[in-house]
1. From C:Y112, C:Y121, which residue is modelled with pLDDT under 95 and over 23 Å from C:A333 (Cα atoms)?
2. What residue, of C:G200, C:G213, is touching a Ser or Thr at 6+ places or on another chain (Cβ under 9 Å) and small (G, A, S)?
3. What residue, among those in region D:211-225 that are touching a residue at least 60 places away in the same chain (Cβ under 8 Å) and among the β-branched types (V, I, T), is farthest from C:G16 (Cα to Cα)?
4. Return a yes/no flag: does region A:252-265 have any residue that is more than 7 Å from every other protein chain (Cβ to nearest Cβ), over 19 Å from the mean Cα position of the chain (by Cα), in a helix (DSSP H, G or I) and free of Cβ contacts under 8 Å to residues at least 24 places away in the same chain.
5. Does C:A52 count as of a type in the set (A, V, I, L, M, F, W, C), modelled with pLDDT under 90 and within 20 Å of the chain's Cα centre (by Cα)?
6. Please work out which residue is surrounded by the most Cβ atoms within 10 Å (Cβ to Cβ), limiting yourself to region A:271-292 and to residues that are farther than 16 Å from A:G219 by Cβ and more than 8 Å from every other protein chain (Cβ to nearest Cβ).
7. Can D:G71 be described as at positive phi and at pLDDT 95 or above?
8. In region B:186-211, what residues are under 14 Å from B:G162 (Cα atoms) and in contact with a strand residue (DSSP E or B) (Cβ under 7 Å, 6 or more places away or on another chain)?
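The values are calculated or read from the model by the stated rules, or taken from the named source; none is laboratory data. All of these numbers come straight from a predicted model, not from anything done at the bench. As a convention, Cβ positions derive from the backbone with ideal geometry for all residues, glycine included, and neighbour counts pool all protein chains shown.
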Number of protein chains: 4
Amino acid sequence: MSGNTFGTVFRLTTYGESHGPALGGVVDGCPPGVPLDAALIQRDLDRRRPGAGGLTGTARKEPDAVRLLSGVFEGATTGTPIGFVIENTNQRSRDYEEAKNLLRPGHADGTYLAKYGRRDYRGGGRSSGRETAARVAGGAMAGAFLTGCGIEVTAYTVEFGGIPATAVDIAGAADRPFCAPDPAIVPAWEARAKEAMASGDSLGGIVEITATGVPAGLGEPIFDKLDARLAYALMGVGAVKGVEIGNGFAAARLTGSANNDPIVTPPESNHAGGILGGIANGQPIVARAAIKPIPSIAVPQRTTDIAGNPATIVVGGRHDRSAIPRVVPVLRAMVQLVLADMTLLQRTVR
Amino acid sequence: MSGNTFGTVFRLTTYGESHGPALGGVVDGCPPGVPLDAALIQRDLDRRRPGAGGLTGTARKEPDAVRLLSGVFEGATTGTPIGFVIENTNQRSRDYEEAKNLLRPGHADGTYLAKYGRRDYRGGGRSSGRETAARVAGGAMAGAFLTGCGIEVTAYTVEFGGIPATAVDIAGAADRPFCAPDPAIVPAWEARAKEAMASGDSLGGIVEITATGVPAGLGEPIFDKLDARLAYALMGVGAVKGVEIGNGFAAARLTGSANNDPIVTPPESNHAGGILGGIANGQPIVARAAIKPIPSIAVPQRTTDIAGNPATIVVGGRHDRSAIPRVVPVLRAMVQLVLADMTLLQRTVR
Amino acid sequence: MSGNTFGTVFRLTTYGESHGPALGGVVDGCPPGVPLDAALIQRDLDRRRPGAGGLTGTARKEPDAVRLLSGVFEGATTGTPIGFVIENTNQRSRDYEEAKNLLRPGHADGTYLAKYGRRDYRGGGRSSGRETAARVAGGAMAGAFLTGCGIEVTAYTVEFGGIPATAVDIAGAADRPFCAPDPAIVPAWEARAKEAMASGDSLGGIVEITATGVPAGLGEPIFDKLDARLAYALMGVGAVKGVEIGNGFAAARLTGSANNDPIVTPPESNHAGGILGGIANGQPIVARAAIKPIPSIAVPQRTTDIAGNPATIVVGGRHDRSAIPRVVPVLRAMVQLVLADMTLLQRTVR
Amino acid sequence: MSGNTFGTVFRLTTYGESHGPALGGVVDGCPPGVPLDAALIQRDLDRRRPGAGGLTGTARKEPDAVRLLSGVFEGATTGTPIGFVIENTNQRSRDYEEAKNLLRPGHADGTYLAKYGRRDYRGGGRSSGRETAARVAGGAMAGAFLTGCGIEVTAYTVEFGGIPATAVDIAGAADRPFCAPDPAIVPAWEARAKEAMASGDSLGGIVEITATGVPAGLGEPIFDKLDARLAYALMGVGAVKGVEIGNGFAAARLTGSANNDPIVTPPESNHAGGILGGIANGQPIVARAAIKPIPSIAVPQRTTDIAGNPATIVVGGRHDRSAIPRVVPVLRAMVQLVLADMTLLQRTVR
């Protein structure tokens, strides 16, 4: 209801501000008997950790160590809710003191104020990207469950700063700079990133997420179509401004005969991205998310203060210069959460 | 849970198959005192009605007359649930008998079968686009409520068959062929449509939806961001394969300084599409949906029957040749439902 | 959210006022392949029908014929939502005209007005007991599903007008006056009813509901305990003022050694009513509901009009003199709805 | 869905096992600007703390110190989720080792095993009454919000071990032994408690909860009636086996003329317990819960082990001898949570 819970059966509820004592969450609905420990979750968290991004990363260093508080016993889940917490240890709130009365363009400062009437302005408070650490932890738990179902989710960058990659090795992407699926593209992306950083500016890109092993029949009809849930999940990540499935926007320019996938064995195409009528057809699920350039830039911008007076702002703090690659494990986590939920929902059908 | 209910406070639940006795729904959570009668809903339904599409429409003629069963008294809502029903009157199920064992490429035939193990195969059953009539009825009720809040939602086609329009008059679009915002583009779109129909093929396009009067502060944080709810709502419409907000996918190729909107009065740009951090900023909300070409084509396609044997299919029935323009009021309805829900949710905050 | 939907996976949404065009609902989440037709539902509806109550029944005669609009194909459910409608045919709204400005003691007239600011005052509008017809229809669908799971729910009156029955034949109770589990008690209850009717007054009683075949493990922990869901379901029926499970209020006066059930095979007692820690233990589920005397009485009562002026009211209309026995199938339906939902939820666990 | 979340707008999600690292929860949906700090919550927690019960208390000593992790800034809520944690510090798991294979009569040992297939058997795991600490913390937050709405909730024991109190001073009850509303009854209750303890047995009782300041109109119709939500909330507390509102079970034995409250100013009676048709009428809300004797008794009982073999058990551990008085603040908390939720829901209506 209030926006901090995701999912219906497999549910993640998160809490926490950028500069509060801690952030964390509760995963409820994970079936019993799923092998799980903090180390498994930590592995995914480390991919999203501040500083993990190489050239594009923030200077804030956080261990982001997850502590499991419940729901796991003798190395596996018990079916009861899994509470977890990640302490905030490296806040430097003074960075934000001077800007506390200035609204940052492209940020949620003004909209949160309009919504709530008051806010924890330190580091973006609840609207900080830091909140996504809890999503990655929840996604890792969903992933542990999905592994037992034979479902695997992979995410990688297919375009950065306007330069597309040609995906050649998506399995190895998570360990490359920018989560690049193509080692050859990395130098061009690095050059693009350096150029933007030199001018105090920021960049965006496109991330693709693929899920294999999804059985035909997964997904709910009408409003809760699998693609609708994926769009909801991905668009709910702060930096995302667009989502597409399979051919996506390109489908709008094709004829039906070019866009339809013939039903043959083995399949010869996957224009539908593995989803027909909102339900998985057994082929890989393919989704893409458009990542906007991070709005925190060192370039002077026109803005107003919270009293409405015109002002100029240069955003300080220790920000990333692109949401890529740190957003990549977040998007993967969201897809894992959707698929875990849909897998359990399908058990209520047949 | 089972996918047939939309919204949290302002909720629409729908039911009905293409060739069953009737389709309809229940709107729950509409506040009392909203002026409402069947005629107001019928006006929106008529825009989606079979045959409304001119060149691109189906030959099936349905009056789609809505009957209100509850929740309205002396010309206004009472706060109790509004039941409504739309009788099916023009089914010609025999059209589908011959194809009952063949899976139509690009359709949900096989995926519904995989999900449920059995299905009402007549005219697509529950997965038929006919179900969207109930959405339009629900959206009209949401719209009646939003009118009292000063919020107006408009939808129009910005690209058809690969040919973009230059929007000049979006307010008048609903009454033009293709819901075109640009009278001058209509002949080119008609030519494109005729060409596709001549070859038995189908076309897609891009629809834009704009909402004005949305107050700053609307939208929930984290998972239920206003853009996330819009993406969920729009992607849940059968023909949609992509959704974007504001600059959308184009934002992925911009720098932060080009994509950020300076915070000035009056605003000079709306790259964000009226949403920052998932919360409305007071500017118009702008979303776009990519509409795939309708998969029902008269061109022979390779497929399999429900036993898995290879076959060839030429889809009969009385189908549209494009989801545009009939999908336009459906997308508008979905945005109305989101905004009505978010408006009521915000009342729980302050 | 707005109170008109029951259940999480197996869900019933209802609509309809006493004197509007129709009442009805939507059952969503019923698995595919459950044998179902209107006749099966009608059988349960006929037990709740106006006039079914013998001595205690209302004079309003309604056929309460249910019409299924969707979700059933070739004699069984398809997994899609089941829309249904029951037309109102015997409204005599003029009965209520004179009392439209007077608040009836013990009724929801004043509270609905306080809640919504306006109301359909004819026959109680939405707060009329007539709304429970939709519950019985939904319960019958849940019952059809439960039959396939080996779960059977029975309801019967264990006390009427202060006179307790000694249950001897609960299976036959549904066909006896008052749903009496004990044929010998019927004359005493009839005498009590006649006495109350002669003085224009009304009576209450206690209804017990038993469910057999409920497997150990059913029910959710903490807030959604099986007994919590039952209490919620039963207390949500208008006439109910108390709910107890197993020993219920009597348990409050026992010691632990007297109230505990030893865990032996076969069980020697069922003080717990088949539920431990909120989860079924495999024994029959036993719940009881306290039914208040119907507040519509022909005795003059002090009240106020809607403007707040003192007045005297004698309630006319064609009311029952006791909610018993017509409430009995409603309570059974509510328990069926709970158990269908909990059965499906358990499938998400293991 | 999985039972660990309570409420729709004002929501509490809890986690934690009796002998795990910690228990805690998340409150989501609390409006911004509510004065709140840990000390305010601690005050309520201290009333439920192990050892708070005097004669009837467990020997386990836990500080139950709550730590707020988010959602509070400069002394008041921000509208974002409030995460909190209570560390477990005094586990003596060895107490439970010997009984790990024996099912305790009256406990959830066997039913959790049937539900999940595996369990954390230490101290009852998730089904331990210790979980209710998180409810009290959540209830305290709801209470902080309700204070600003002029709503106050009080809970007190009206019967213990079969001996009723005559309530004379409910406001002072929280500070008396047994939460007695009547100082004169305390010696009789102490004698009853000593007697039971001497024989290794346990006792139950009846707790009444009163809410004042609840405005007319609060509560949702049909399934989510205010009394239905209260019954759900109270019956979801482990020790509760019965719930009644106003006259409750006694109403079943009255005539309508005796049970109806005349609508006069000021009111002369409150047989309805402040609720008509599921909606508050402006009078105090009055509910009662039947508390069963705690099943952990030092008396030998017949049971089986987890393999199904007959056995005898004498329950060790450091258990309370009655859920009273420690359950009293828990029941109060549940009513606070219901009323906070219903208060926010009503804002979506008018």
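1. Of the residues listed, the single one that is modelled with pLDDT under 95 and over 23 Å from C:A333 (Cα atoms) is C:Y121.
2. On the way: C:G213 fails: touching a Ser or Thr at 6+ places or on another chain (Cβ under 9 Å).
One residue alone meets the criteria, C:G200.
3. My answer is D:T212.
4. Quick first cut of region A:252-265, residues more than 7 Å from every other protein chain (Cβ to nearest Cβ) only: A:258, A:265.
Imposing the further condition that a residue be over 19 Å from the mean Cα position of the chain (by Cα) reduces the set to A:258, A:265.
Still in the list and also in a helix (DSSP H, G or I): A:258.
From what's left, free of Cβ contacts under 8 Å to residues at least 24 places away in the same chain: A:258.
Within region A:252-265 (the criterion being more than 7 Å from every other protein chain (Cβ to nearest Cβ), over 19 Å from the mean Cα position of the chain (by Cα), in a helix (DSSP H, G or I) and free of Cβ contacts under 8 Å to residues at least 24 places away in the same chain), the answer is yes, since at least one residue qualifies.
5. Working: of a type in the set (A, V, I, L, M, F, W, C): yes; modelled with pLDDT under 90: yes; within 20 Å of the chain's Cα centre (by Cα): yes.
Yes.
6. Initially, region A:271-292 is screened for residues farther than 16 Å from A:G219 by Cβ, giving A:271, A:288-292.
Okay, now just the ones that are also more than 8 Å from every other protein chain (Cβ to nearest Cβ), so A:271, A:288-289.
Working: A:H271: 19, A:R288: 25, A:A289: 30.
Among those that are farther than 16 Å from A:G219 by Cβ and more than 8 Å from every other protein chain (Cβ to nearest Cβ), it is A:A289.
7. Values: at positive phi: yes; at pLDDT 95 or above: yes.
Yes, satisfied.
8. B:A188, B:W189, B:R192, B:A193, B:A196, B:S202, B:L203, B:G204, B:G205, B:I206, B:V207
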